[in-house]
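Some notes on the structure that comes next.
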Amino acid sequence: MSVPRDSLSLAYTLVRGEFRLELEADLPMRGITGIFGESGAGKTSLLRCVAGLERPETGRLAVAGEVWEDSASGTCLPVHRRRVGYVFQEPRLFPHIDVRRNLDYGRRRADGERVDFDHAVGLLGIGGLLDRMPDALSGGEAQRVAIARALLRAPRLLLMDEPLASLDERRRQALLPYFDRLHAELDIPVLYVSHSLDEVCRLCDTLVVLGGGAIRASGPIETVLGDIDNPALDAGVSILHGSVTDYDRHYDLSTVALTAGHLRVSGSYGIDTRLRLLIRSSDISVCREHPSQTSILNILPVRIDAIAEGSASTVQLRLAAGPDHLVAIVTRRSCTDLKLGVGDRVYAQIKSVAVRGAAFPPP
Amino acid sequence: MTAAAWGPLWLTLELAAITTLLLMLIATPLAWWLANTQSPAKSAAQAIVALPIVLPPTVMGFYLLILLGPAGGIGRWWVEITGEALTFSFLGLVIASCVYSLPFAVQPLQAAFESLGRREIEAARTLGATRLDAFFSVAAPMSRHGFVNAVVLSFAHTLGEFGVVLMVGGNIPGETRVISIAIYDQVESLDYAAAHATSALLLVIAFVMLLAMYVLNQSLAKR
């Protein structure tokens with residue numbers, strides 16, 4: 001069995017009654033990989049297999065060149081010897097010991113490998129909670145403690161199973177910036193299970209779409225979102241990366257340079273900050289000529305790269321802007337009127353650009 | 001309180017303490033297995049464990065007498081090894097008490113382990129704990145009210161045991177004459193004053209133990 005050192009290679013068959021999980025994937029050992037799908041798609045089962053909490057019918061798992069499981073040769077590391085940090089949907093803190101001892105639990109069992117305690121505590125902003133008992137924490141605080149506890153285990157791999165799902169919207173928004181920081185400051189690959197496209201688009205670099213226990217799409221998130229021919233994921237959103245080159249204080253607009261062209265977005269982010277931009281397909285319209293009098297600030301020259309059927313009244317266009325891709329939804333009528341075809345050079349008008357994750361490191 | 005009552009009292013406390021200690025060692029893994037197994041043998045095992053609750057002590061005592069007696073399976077084996085009989089000895093009493101009080105140790109523990117679920121255990125395992133480590137560092141402390149109940153109920157139940165003791169142990173002073181037997185003796189010999197004193201003592205001990213259990217459980221629940 002070949003074991004590439006820079007990848008997470010897995011293959012599982014798991015049967016539980018009617019449910020069947022059967023998949024094979026090679027995932028990068030860097031950044032955040034989103035495992036996205038409806039409930040019942042097999043996301044949690046996959047994560048539990050990787051952690052060793054499920055006994056699959058057949059399984060193969062190699063993490064950065066180390067074989068953790070290979071049913072063909074009878075290899076199967078028990079849960080406690082797999083160096084994973086598992087963040088469950090609920091915090092699952094140990095109720096009989098305080099926060100500090102919860103954090104120490106995995107740290108003392110990390111075989112001498114040490115993650116800096118103060119760094120992990122600072123990263124998640126839980127310095128003031130160390131002497132509290134778990135039942136004296138709010139849901140968001142408890143989940144931050146659970147994440148820090150997983151980090152202090154010195155894991156090779158972080159497994160996160162909808163860590164925001166048990167929180168209300170306000171707490172979820174409050175916790176998301178901590179994930180941005182983890183993403184920016186840590187060098188641990190993360191498998192992040194979610195059924196929220198919003199979370200996935202904000203956080204993930206790689207995307208695996210699960211449906212009915214099988215992989216429906218996988219790859220770099222920009223590519224998967226731009227794959228308009230694959231019906232598994234109709235995300236209706238595109239991701240672009242760029243860095244801030246200018247800020248107009250008068251209008252509170254930042255200019256973001258892309259590989260091909262630039263966009264203006266609301267707010268101030270600091271010059272040279274790398275930004276992840278989310279653009280809804282319905283916020284993009286297409287013109288043959290460069291529009292002269294329009295309220296829309298962002299106009300990019302693009303080439304139509306693919307056209308796919310949408311609903312009865314719409315079609316999806318994939319627009320190439322240099323190496324980047326945008327997905328636009330236009331009416332079938334407009335597509336016919338403008339005689340749009342693959343290879344045509346047109347202008348994309350972008351009505352609004354949402355900025356997510358303002359502090360990403362350069363890829 | 002006559003000096004004669006102290007002998008049986010000490011013997012009883014010794015028996016109860018040793019029985020409770022042994023039961024914790026036996027009942028903990030048994031209760032853990034019952035709480036977590038999906039084996040078809042589970043129902044049968046639960047029924048066997050619960051038998052001492054429904055059977056008259058004389059029935060339990062009778063079978064134990066047969067089994068532990070020099071002609072019985074365990075008794076004969078013991079005689080071959082040590083040259084001594086198990087029946088009408090302190091050790092035989094300990095064995096009989098363990099069997100008789102088993103459900104009072106297993107059931108509270110099983111209930112506590114069942115209400116625990118798998119969540120925290122799984123978290124402990126992913127944090128690097130072996131199964132045994134996860135049990136002692138997470139499952140056991142989280143089930144402490146179950147242990148308190150099991151210890152108190154086993155101890156108190158052994159304290160008050162009469163029928164099985166009489167069948168298996170008889171009434172040998174310093175060896176098998178426990179406090180409940182002593183009371184029976186005192187009543188038989190119409191020594192009501194002594195019977196009053198001994199009974200009151202046992203009553204107070206039982207009450208204090210149960211009170212301690214409930215108080216402790218209430219304070220554990222608050223934590």
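The values are calculated or read from the model by the stated rules, or taken from the named source; none is laboratory data. Small disclaimer: the values here were computed from a predicted structure and weren't measured. With ideal geometry, Cβ positions are generated from the backbone for all residues, glycine too; neighbour counts draw on all protein chains shown.
Yes/no per residue for (1) within 29 Å of A:V209 (Cα to Cα); (2) free of Cβ contacts under 8 Å to residues at least 24 places away in the same chain:
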{"site": "A:D252", "(1), (2)": "no, yes"}
{"site": "A:S282", "(1), (2)": "yes, no"}
{"site": "A:P291", "(1), (2)": "no, no"}
{"site": "A:I299", "(1), (2)": "no, no"}
{"site": "A:A320", "(1), (2)": "yes, yes"}
### Residue that is away from chain B (no Cβ under 14 Å), of a type in the set (V, I, T) and in contact with a helix residue (DSSP H, G or I) (Cβ under 8 Å, 6 or more places away or on another chain), where the choices are A:V84, A:V121
A:V121
## Note on the structure
Among residues of the range A:96-118 being within 13 Å of chain B (Cβ to nearest Cβ), among the basic types (K, R) and not in a loop (DSSP other than H, G, I, E, B), the residue surrounded by the most Cβ atoms within 10 Å (Cβ to Cβ) is A:R107
### Query
If B:N171 passes every condition in (1) within 13 Å of chain A (Cβ to nearest Cβ); (2) touching a Lys or Arg at 6+ places or on another chain (Cβ under 6 Å) but one, which one does it miss?
(1)
### Message
When you check A:T259 against the structure, is it touching a residue at least 60 places away in the same chain (Cβ under 8 Å) and not in a strand (DSSP E or B), yes or no?
### Response
yes
### Query
What number goes with the only condition from (1) buried (at least 16 other Cβ atoms within 10 Å of the Cβ); (2) hydroxyl-bearing (S, T, Y); (3) outside any loop (DSSP other than H, G, I, E, B) that A:S166 does not pass?
(3)
### Query
Where residues in the range B:113-128 are touching a Ser or Thr at 6+ places or on another chain (Cβ under 7 Å) and modelled with pLDDT of 95 or more, which of them is nearest to the other protein chains (Cβ to nearest Cβ)?
B:A124
## Note on the structure
Expected single match for charged (D, E, K, R) and buried (at least 16 other Cβ atoms within 10 Å of the Cβ) among B:E114, B:E122 is B:E122
### Summary
Just one listed residue, out of A:L47, A:L61, A:L93, is assigned to a helix (DSSP H, G or I) and buried (at least 23 other Cβ atoms within 10 Å of the Cβ), and it is A:L47
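Kindly indicate whether any position in the range A:64-85 is part of a loop (DSSP other than H, G, I, E, B) and of a type in the set (D, E, K, R).
Just the residues of the range A:64-85 that are part of a loop (DSSP other than H, G, I, E, B), to begin with: A:64-65, A:71-74, A:77-78, A:82-83.
Narrowing further to those that are of a type in the set (D, E, K, R): A:82-83.
Yes.
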### Task
Could you check, for the range A:213-225, whether at least one of its residues is part of a loop (DSSP other than H, G, I, E, B), among the small types (G, A, S) and crowded, with 16+ Cβ neighbours inside 10 Å?
yes
### Task
Look through B:R177, B:R144 and report the one residue that is within 19 Å of the chain's Cα centre (by Cα), surrounded by fewer than 23 Cβ atoms within 10 Å (Cβ to Cβ) and away from chain A (no Cβ under 14 Å).
B:R177
